[in-house]
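See structure below.
The values are calculated or read from the model by the stated rules, or taken from the named source; none is laboratory data. From a predicted model like this one, the values you see are computed outputs, not experimental measurements. Counting neighbours? That spans all protein chains shown, and the Cβs are built from the backbone with ideal geometry, glycine included.
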């Protein structure tokens, strides 16, 4: 008798559970536009956040519900943008490739060291100690926090400084967020130069620390035909709205701090 | 897949040992390995459930609809776990007291559910039974290895027989919680060392509870 | 009231589910790498633990036990938990979308998680009544959260370190967990002293 009761009880619990779930699935069903799933399938699924949304599914949702532009995925590129445009029935705009640049040339031998660091292998940790082991307190520490952050293997530490492989870089900005010195910048103009230094100190001090640092000699500023480059806080800064990529500043710079993206490394 | 029957069994022993290679079933490994007798008892119980549930799930694999496969598997496994609970309560009350809550928790042991999803639902009844046997023995071996370490260092005994002389102090921390973690980590490091020497190293991710795209 | 608080804090510190009882190790080691996923998972666990206790306690105490069907505990509990988790996921998706976005993904992982089934069974092993069981479940979940959050911080430091080659990855994480667990051993006896209740 009790065995029958047991079997009946478990059966009732099971059936009750099934009924609750079926009813819930039916009456609390959330209508999701099928295009969201289609677009999510087109996307690479890396969830890198480079599009500015919290993952591929989130971006797909934003495209369908809030009309986000279809060409934001740098990983998927133009092919992906075209697929998404096809799903949404719109034209795909041109994708702008952005990639990261580590604005520091102070490799071993070029930039001196303040001390030998033997602590935790983390730039964030080393930066707490007097600004880091490099003589230049603004430069790349080279312990690889950016390397750990990159999901695409596009950045590596060579000769003590981080280097970006522009071909592999998708422009997600993870390295930029990870760098404690804030020395990684996102660049999107292949024909316009980059100032490879962020040292704000006076030229005389910079020369003692690093042979590849900007000394604020103002030669670039004086020679720029568009007045696009100015020395601000003892370091050169380019206004990309005015810059035409003529390359005059690159020729005039005595320290070879300014480089075209193709010539970096 | 022309796999010999024996290779299915030996697969679970070393090559795909559920605890040390697949990193499944970590909870009972840490909790129950305080004494070798407990480890053997838990291993036997888990092996029994594993074999039986693998057989039943494999037999029903064409019948169970895909949408509800998970609750079905869990119910089948729960049935066998209840069976084991009753047997242990009746015939080995000391083991029941030692295992405590971990006996019913075999039902959520990742090894059993994991093997059901990975193997039993895709293979014949005989193969699944052999896989269950192999995995169960592998689990027992790993558990016993850890328990040996913990019991000898922490209690100076093995299977209740005093081995270390009374004059030497026992390191009782080994039989408590931190000792479990430490022992597991140490054992895994030794396995990794062996793997590296034999060029067999694999990337370990926690077997269950890691969602898609999530870092380990 | 003091009794309830004693139970709550005992579950958080002295009998911490992860570091002392070894329940929920898989998500502990798997999800604690990033802080936000650790917090999300813990909140989901607290939520499910309390609700599961709220449903399973009356079921056992009022239906199973009086009819001599105590042996059905495992089967009935796990079915109830599986159904409950699925139901919560559907409800959250419909009515509390922001909550669903932050912790919805972790809910399926909790079904086969030792700690939820563990707390529902341990409520009866410890002989708690309904209210005590709810406080016990809340405390267990809070303890899980404490362990996860603390450990995600520990892991960040450990990952930046340089252990021997064979320890890299999971083994050194386990050793770090051992030390964290060791620190929790220091809480033994605190709750009895504070609340004046014999352990």
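In the set A:229, A:207, A:250, A:215, only one residue is over 25 Å from residue A:121 (Cα atoms) and free of Cβ contacts under 8 Å to residues at least 12 places away in the same chain; that residue is A:207.
Here residue C:172 does not qualify as farther than 20 Å from residue C:76 by Cβ, surrounded by fewer than 17 Cβ atoms within 10 Å (Cβ to Cβ) and modelled with pLDDT of 90 or more. Within segment B:51-80, no residue satisfies the criterion of being closer than 21 Å to residue C:71 by Cβ and within 14 Å of the chain's Cα centre (by Cα). Here residue C:75 qualifies as crowded, with 21+ Cβ neighbours inside 10 Å, in contact with a helix residue (DSSP H, G or I) (Cβ under 6 Å, 6 or more places away or on another chain), within 10 Å of chain A (Cβ to nearest Cβ) and at pLDDT 85 or above. Can we say residue C:30 is at pLDDT below 85, over 15 Å from the mean Cα position of the chain (by Cα) and within 12 Å of another protein chain (Cβ to nearest Cβ)? In short, no. If the condition is being more than 23 Å from the chain's Cα centre (by Cα), closer than 26 Å to residue B:172 by Cα and assigned to a loop (DSSP other than H, G, I, E, B), then segment C:164-199 contributes only C:198.
Within segment A:153-178, being part of a loop (DSSP other than H, G, I, E, B) and either surrounded by fewer than 18 Cβ atoms within 10 Å (Cβ to Cβ) or at pLDDT 90 or above (or both) holds for A:153, A:159, A:165, A:167, A:168. Looking only at residues of segment B:144-197 that are within 14 Å of another protein chain (Cβ to nearest Cβ) and part of a loop (DSSP other than H, G, I, E, B), we find that the one that is farthest from residue C:14 (Cα to Cα) is B:171.
Residues of segment A:109-117 include at least one that is more than 22 Å from the chain's Cα centre (by Cα), in a loop (DSSP other than H, G, I, E, B) and in contact (Cβ under 8 Å) with a residue 60 or more places away in the chain. The numbered conditions (1) crowded, with 22+ Cβ neighbours inside 10 Å; (2) modelled with pLDDT under 90 are all true for residue B:101 except (1).
What about residue C:67, is it farther than 30 Å from residue C:188 by Cβ and outside any helix (DSSP H, G or I)? So residue C:67 fits the description; yes. Taking residue A:105 as the residue in question, decide whether it is more than 30 Å from residue A:59 (Cα to Cα) and within 14 Å of chain C (Cβ to nearest Cβ). Considered against the rule, which asks whether it is more than 30 Å from residue A:59 (Cα to Cα) and within 14 Å of chain C (Cβ to nearest Cβ), residue A:105 comes out as no. Could we say that residue C:112 is surrounded by 21 or more Cβ atoms within 10 Å (Cβ to Cβ) and within 14 Å of chain A (Cβ to nearest Cβ) here? Answer is no for this residue. If I filter segment B:39-46 for residues that are part of a helix (DSSP H, G or I), touching a residue at least 12 places away in the same chain (Cβ under 8 Å) and surrounded by fewer than 22 Cβ atoms within 10 Å (Cβ to Cβ), do I get at least one hit? Looking for residues that are part of a helix (DSSP H, G or I), touching a residue at least 12 places away in the same chain (Cβ under 8 Å) and surrounded by fewer than 22 Cβ atoms within 10 Å (Cβ to Cβ), one finds at least one in segment B:39-46, hence yes. Within segment C:124-146, work out how many residues are surrounded by 24 or more Cβ atoms within 10 Å (Cβ to Cβ) and within 14 Å of chain B (Cβ to nearest Cβ). Qualifying residue count, segment C:124-146: 4.
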